[in-house]
1. In angstroms, what radius of gyration and Dmax does the stretch 29-72 have, counting Cα atoms only?
2. List the chymotrypsin sites (Phe, Trp or Tyr not before Pro) within the stretch 1-66 that fall in a DSSP loop (any state other than H, G, I, E or B) and whose Cβ has at most 10 other Cβ atoms within 10 Å.
3. Based on the Kirkwood radius over alpha-carbon pairs, what value in µm²/s does the Stokes-Einstein equation return for the translational diffusion coefficient of the stretch 2-95 at 37 °C and 0.692 mPa s?
4. Could you please rank E30, E94, E18, placing first whichever residue has the fewest other Cβ atoms within 10 Å of its Cβ?
5. Using the 10 angstrom Cβ neighbour count as an exposure proxy, how do R4, R90 rank, fewest first?
6. Positive end of the dipole of the stretch 2-95, charges at C-beta (+1 Lys, Arg; -1 Asp, Glu), about the Cα centre: which of L10, G35, S58 has its Cα farthest in that direction?
7. Quick one: net charge around R39, please, counting Lys, Arg +1 and Asp, Glu -1 for every other residue with C-beta under 14 Å from its C-beta.
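Every read-out reported here was derived from the displayed coordinates using simple, explicitly stated rules and does not represent laboratory data. Only a predicted model underlies this, so the values are computations on that prediction, with no experimental measurement involved. Quick reminder, even Gly has a Cβ in these numbers, built from the backbone with ideal geometry, and neighbours come from all protein chains shown.
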Amino acid sequence: MKLRLQGNSLRLRLTRSEVVRLDGHGTVEEAASFGSGGRLTYRIQSRTGTEPLHADFSGGAITVLVPTETVRVWASGDEVGLYAQDGALRIAIEKDFRCLTRAGEEPDAYPHPAE
C-alpha cells in the first residue's frame, strides 16, 4: 500500500492482493519505522454500518474506515477509487496501476488503462 500526504489530502493506493485482503479480512496495514524508534502506521479497515468513509489519527497511526459493503462493491468492480471529504481532509483510496515507464517492476499492480 502506498501512502501520499500533501496538505489536507490523504491518498492510499492498493495493489490487487491488498484489495483482495481488505475485502476478505477487513484490514490492510503498513508501517514506516524511523531511526529514532518512532513508527508511523497507516491502515484501511472495513466496518459494518453506513457511517461514511472517514479517517482518524491516534497513537502514531492513520486509520481510514470504510463501510464493508462499499469495499465489497469497489473490490469486485471496475471503479478506480473511493473518495471522501472528512472535514478539511480529502481522502482517496485507489487501485494502484502499473507504471507505464517502469514495465515489470510492479507485478501485483492493476494493468494500466493505457497499456
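1. That works out to 12.6, 40 Å for Rg and Dmax.
2. On the way: sites: F34, Y42, F57; in loops: F34.
Passing both the DSSP loop test and the Cβ count: F34.
3. Values: Rh = 13.6 Å.
After rounding, the answer is 241 µm²/s.
4. On the way: E30 14, E94 17, E18 21.
Result, fewest neighbours first: E30, E94, E18.
5. R4, R90
6. G35
7. Details: positive: R43; negative: E29, E30.
Once positives and negatives cancel, what remains is -1.
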